[in-house]
Amino acid sequence: MAAVETHVPAILEIADDCLILGHRLSEWCGHAPILEEEMALANMGLDLLGQARALYAHAGEIEDKGRTEDDLAFLRREREYRNCLLVERRNGDFAHTMLRQFYFAAFMQPFWRDVAAGSTDATLAGIAAKAEKEMAYHLRHSGEWVIRMGDGTEESARRMADAVIELHRYTGELFMASPARQQAIASGLLPDPESLRAEWDETIAAVFNEAKLEMPEIRVMQKGGRDGNHGEDMGHLLAELQFMQRAYPGQTW
Amino acid sequence: MYSQGLIGADSSTTESEEFLAAFQARIDREEKIEPNDPMPEGYRRTLVRQIGQHAHSEIVGMLPEGNWITRAPSLRRKIALLAKVQDEGGHGLYLYSAAETLGVSREQMTEELLSGKAKYSSIFNYPTPTWADIGAIGWLVDGAAIMNQIPLCRCSFGPYARAMIRVCKEESFHQRQGYEIMMTLARGSEEQKQMAQEALNRWWWPSLMMFGPSDTDSTNSDQSMKWKIKRFSNDELRQKFITATVPQAEYLGLTVPDPDLKWNEETKLYDHGEIDWSEFKAVVSGNGQMNRDRIRDRNQAWDDGAWVREAALANARKRADNQHIAREAAE
C-alpha cells in the first residue's frame, strides 16, 4: 500500500523532530567549545534539516493541498508541531546537547534502518536509507562525547549526570505511538517504536557503562509533544524560526 | 572568509646578506617555500601574522552570519547558510594548520585573538540587522575575499598557497550564493528591494576597506611583494573589485552609494570617491560597532568550553593509562 493522506500527520511528526533538533543544533554555530565541534554540530544540524526538508516535501506531495516544505516548516501554529519534547529542550551546556543527540540518534538510527528495509512507502524508504547512515554517525559521535564527559573530569562527570537526570524523562515519548503513528504502523509505513526499545536500552546501557554514568530511575516520563502540548521554550524557538515568514508574509526568499 | 591587507607586520630580519640573497633567488625562481626550508625570520613572522589574521577572520566571521541561521526565511536558505558558515569554520581550521607548520600553535593564536592582541578583518565588526545583510556579505565580502585570495593561491609559501586553492573554490560558491540572495530580493517586493539597497549601502564602503590602506600608506606591502607573499597592491585589488562589482549592482537595479563613482575610459577602471580612512582606523583599533561584542562572544564560547576540553584530555589520558596497564598485564 502506498502512502495516503492519512499518513501525513505521522510523517510530519518525524519531520518536526528533525527540524526542531536541527534548529537547536544550528544555535550552536559560532559558540562551540572547539573548532572541530563547530564542524560536527553544524554537520549534524545539516543532516537533520536535510531530512526535515525531504520529509516535509514528501508530506506536502501526499497531502496534495499545495502546501510546500516551507509552508509546513514555517507556517503552522505551535500546537500543530508534533515533535517530541526531547528535541525542543534547550541546548543547555555541551553535556545536555550531546546527551540529547545521543538519546535521539540511538532511537533514530535503528528506526530509519527498519523504514529503509521495510516501509511500504518507497519514497520514505529512500529518505530513510540516507538518514540511517547520517544517524549512525550522530550516534557514534554523541556516544563518544557522552563517554568522554562521563569519564573525564569531576566537573564533566557532574554535568553529564545532571544532563541525564534532566533529559532521561523525555525519552519515553520516543516509544509512544500517537493515533496517527498507529495507523502508519498498521499500514506498514513505519515500524512500531516499541519494537526498537530493547535495542535502544542496550545502546544506552553500553555507553553509560563506559561513561561510568548511572541509569536514572524515572518514575514519570514526560510527554505531550506528539499531541502538540509543548514546553515554554517551544514558542520562543518558533518565534525565531518563523520570524521572516511571519514578518513578511507571502514573499519569495 | 578572507584576508585583509595585512595589518601591522614587522618584516625586519637579521640574516646575512648572502642568506637573504639565496632565499630571494628561490623566490624569484617561483619555487615554493616549504615549512622545513630555511627562511628569513621576517618572512616567517610575516606569514604567521598574515595566516593567523586570516584564520581569526574566518572564525570571527562566523558570528555576523551565524546571527541569521536561526531566522533564515526558508529551509533551503537555512541549510545553505549553515553550510556556508560551517565552511568558514573549516577554512579557519586549515589556516590554523598552515600557520602551525611555521611553529606557532593554535592555542597560542587563539589566546592572541581572545586577548585582543591579534587582529582580524575589520569587516566583521559591522552588524547584520537584516536578512539582506546575508546576501550583501556573500556578494561583496566574499567577492572582495576572492579578489584578495586568488593571488594568494600563488603565494611563495606552499602550505598557504595550497590552502587558498580550496578556500577560493568555496568562496566562489559563497559569492554566487550571496548574489543569488540579492537577486531574489531585487526582484521581490518594494520592501525587499529597499532591504537589499540598504544592505548594499551598509556594506559597500567597509568592503572596499577590506583591501587595506591605500598603497601610499601601506607600510608592509613592499617587502611582502618582494617575497611574493602578495602579488598585487591594495589599491590594484580594490580597483579590480570595484570594476567587477559595479556592473553586478547595475544588473540588480541597485545603486552603489558613491556619487563620485565614474568609469575611466583611459584606465578601463572605475574611479571611486574618497574612502573614509578614519572609520577604517577606528574599526581596526577596536572602536567599530561590534568589536567588543565579537571578542566577548569568542571569549564566552572559549570559557564555556574549557571544561569540555579538559574532560576530553582527561578521558584521553585515562584511556592511554588503561591501555598501558592492560599491556603490562598481558606481558
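Taken together, the values in this text are just the output of simple stated rules run on the coordinates, not laboratory data. Bear in mind that the values here come from a model prediction, so they are computed numbers and not experimental data. Cβ coordinates were reconstructed from backbone atoms using ideal geometry, including for glycine residues, and neighbour counts include every protein chain displayed.
Scanning region A:140-182 for residues that are outside any helix (DSSP H, G or I), small (Gly, Ala, Ser) and under 19 Å from the mean Cα position of the chain (by Cα) gives A:177, A:178. Does residue A:20 fit the bill of being surrounded by fewer than 24 Cβ atoms within 10 Å (Cβ to Cβ), more than 8 Å from chain B (Cβ to nearest Cβ), of a type in the set (Val, Ile, Thr) and part of a helix (DSSP H, G or I)? Spelling it out, it is not the case that residue A:20 is surrounded by fewer than 24 Cβ atoms within 10 Å (Cβ to Cβ), more than 8 Å from chain B (Cβ to nearest Cβ), of a type in the set (Val, Ile, Thr) and part of a helix (DSSP H, G or I).
Residues being outside any loop (DSSP other than H, G, I, E, B), in contact with a Pro (Cβ under 9 Å, 6 or more places away or on another chain) and farther than 21 Å from residue A:100 by Cα are entirely absent from region A:198-206.
The residues on offer are A:89, A:82, A:76, and the sole one that is of a type in the set (D, E, K, R), free of Cβ contacts under 8 Å to residues at least 40 places away in the same chain and more than 13 Å from every other protein chain (Cβ to nearest Cβ) is A:76.
Considering each of B:244, B:301 in turn, give the residue that is without any contact (Cβ under 8 Å) to a residue 40 or more places away in the chain, out of contact with any Leu (no Cβ under 7 Å at 6 or more places or on another chain) and among the hydrophobic types (A, V, I, L, M, F, W, C). Step through it out loud before you land on a result.
On the way: B:244 fails: without any contact (Cβ under 8 Å) to a residue 40 or more places away in the chain.
The match here is B:301.
Considering region B:278-312 alone, what residues qualify as being within 11 Å of another protein chain (Cβ to nearest Cβ) and exposed (fewer than 13 other Cβ atoms within 10 Å of the Cβ)? Of everything in region B:278-312, those that are within 11 Å of another protein chain (Cβ to nearest Cβ) and exposed (fewer than 13 other Cβ atoms within 10 Å of the Cβ) turn out to be B:300, B:303, B:306. Just one of the numbered conditions (1) under 30 Å from residue B:185 (Cβ atoms); (2) within 14 Å of chain A (Cβ to nearest Cβ) is not true of residue B:258: (2). Within region A:68-83, being surrounded by 18 or more Cβ atoms within 10 Å (Cβ to Cβ) and out of contact with any Ser or Thr (no Cβ under 9 Å at 6 or more places or on another chain) holds for A:72, A:81, A:83. Being of a type in the set (A, V, I, L, M, F, W, C), farther than 25 Å from residue A:247 by Cβ, surrounded by fewer than 21 Cβ atoms within 10 Å (Cβ to Cβ) and touching a strand residue (DSSP E or B) at 6+ places or on another chain (Cβ under 9 Å) holds for only one residue in B:93, B:102, and it is B:102.
Which pairs do you get when a residue that is away from chain B (no Cβ under 12 Å), found in region A:149-175, comes within reach of a residue that is of a type in the set (Ser, Thr, Tyr), reach meaning Cβ atoms under 9 angstrom, with the pair 6+ apart or on two chains? Partner pairs satisfying both residue conditions: A:163/A:97; A:167/A:103; A:168/A:103; A:170/A:103; A:171/A:103; A:174/A:103. All conditions but one from (1) out of contact with any His (no Cβ under 8 Å at 6 or more places or on another chain); (2) surrounded by 15 or more Cβ atoms within 10 Å (Cβ to Cβ) apply to residue B:109; the one that does not is (1). Restricting the search to region B:58-109, which residues are more than 9 Å from every other protein chain (Cβ to nearest Cβ) and hydroxyl-bearing (Ser, Thr, Tyr)? Of everything in region B:58-109, those that are more than 9 Å from every other protein chain (Cβ to nearest Cβ) and hydroxyl-bearing (Ser, Thr, Tyr) turn out to be B:94, B:97, B:101, B:105.
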